[in-house]
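Just so you know, all these numbers are worked out from the coordinates, no wet-lab data involved. Quick caveat: nothing in here was measured; it's all calculated off a predicted structure. FYI the Cβ positions are ideal-geometry reconstructions off the backbone, even for glycines, and counts take in every protein chain you see.
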Amino acid sequence: MTIVKHNLKAVLGLLVVTFLLVPMTSTVAAQGPGMGEMQGPHGPPDRMVGNDGTVWINTDIITIMANSEIPMFHFWFKDDANGSMSRFSATYVALTEFEDSNGDGAFQSDEVLYFVPLAAYEWTLQTGSIEDNGVTTEVWLKYIKGGARTVDPHSGMPMGAMPSVGSVDRFEDVTLQIWAHIYLEDYQGEVSDDAGVKANFTVAGGSELKMDIEFGNFPFTTETSSVALQVQLNENEASQTMARHHWMTRERFGNVTGTSGMNWTARGNETMFQRMNGTCTQLVEFVPGINEAAEGYFSWVDQAVVTLPGGATEVVNVTASYMPSGDGLTVYLAYPNFDGGSLLHDPSIGLYPEMAPVLDNTQTILLVSGIGLVAIVAVIFAVKRKR
């Protein structure tokens, strides 16, 4: 009899605790991440390599999946299982040599000299991490371009471009690597040359993947030709039938907004990106809808470092152009001639931590109530067994 009374008291105690937890947990859900700054310290980034060579990186905020075949990054909020609500991607599609005939410094497809899809080459994907006193402070992965493989040489070709036959062979000896880093804490970067520091930028810890893209041995046709790196952005891969998100450029003279359903494809129709004053970091953002807060972004530093054959370094401007392509936004990052030398540039992908999804009050109440119910049933079962 004493045991029964004791267990009944335990049942009543669990009931009280359960009903106390419901309003408390609901308040946490309403005021937690997504409504302001992330609370408390973040856990270190971690990584996993799949059987197919795919690399997965996780932090408290972001999940990144790197394709093992081509330089392609999918990314979404870690709490959004498999990116079921919002899933973004950035793919490095092609290299193009062009002659800047209109003098704007940006790429247009009617200026193409030679073009090659990056899928025409083998890629090696490496990964690793850096620790400090047993804590992972950085996870990195690196794509390294290899030799040619069999592929459609016109895959990803800019609209209206007329590439010469044999472009795959022409660019085979170009060296290209994409070395991407995600940090535990905010990282302070700079762009500098022999004359000193020309720009400073910040990489957000735990939510931004910063890439060092390095080119070398590029076979420029003329002393005035330039090279463009084609990047394909998809603003929401979670929706296969309709674009539930928008992309939005952040430019000096106003923002341009569109969805993956738009298509401007016409020869030379790429629009020059007007970079913002007062910052060296330029942005294309992914937003759920017009006038809504952005969830993620593709960004780039508008300056790069050229290392000349003799070892001298020089900071050069990076220009950009863009065009909706019917399945996302195509961005071209354009670099000036660095004949005989190499070039290093810093683009990024990332998510805004304050936009991370959270359980709403109803979900939280059901979750906590369910936990309490399980505990109560367990105690009642124990009472019956004791009796």
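Table for the structure above
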| read-out | value |
| --- | --- |
| Cα-based reach from K145 at 12 Å (exclusive), listing aspartates and glutamates while leaving out same-chain residues under 8 positions away | E69, E122, E172, D173, E214 |
| Cα point-scatterer Debye curve for the stretch 49-355, base-10 log of I(q)/I(0) at q = 0.15 Å⁻¹ | -1.30 |
| Pairwise centroid distance, computed over Cα atoms, of the stretch 78-147 with the stretch 171-218, Å | 12 |
| Binned Cα-Cα distances of the stretch 225-311, short to long, each 5 Å bin given as a whole percent | 3, 11, 19, 22, 19, 12, 7, 4, 2, 1, 0 |
| Normalised contact order of the stretch 49-355, rounded percent, pairs of Cα under 8 Å and 6 or more residues apart | 19 |
| Top positive-direction residue, dipole computed over the stretch 49-355 with Cβ charges, set Y297, W247, L229 | W247 |
| Kirkwood Rh in Å, taken over the stretch 180-232 so that all alpha-carbon pairs contribute | 14.0 |
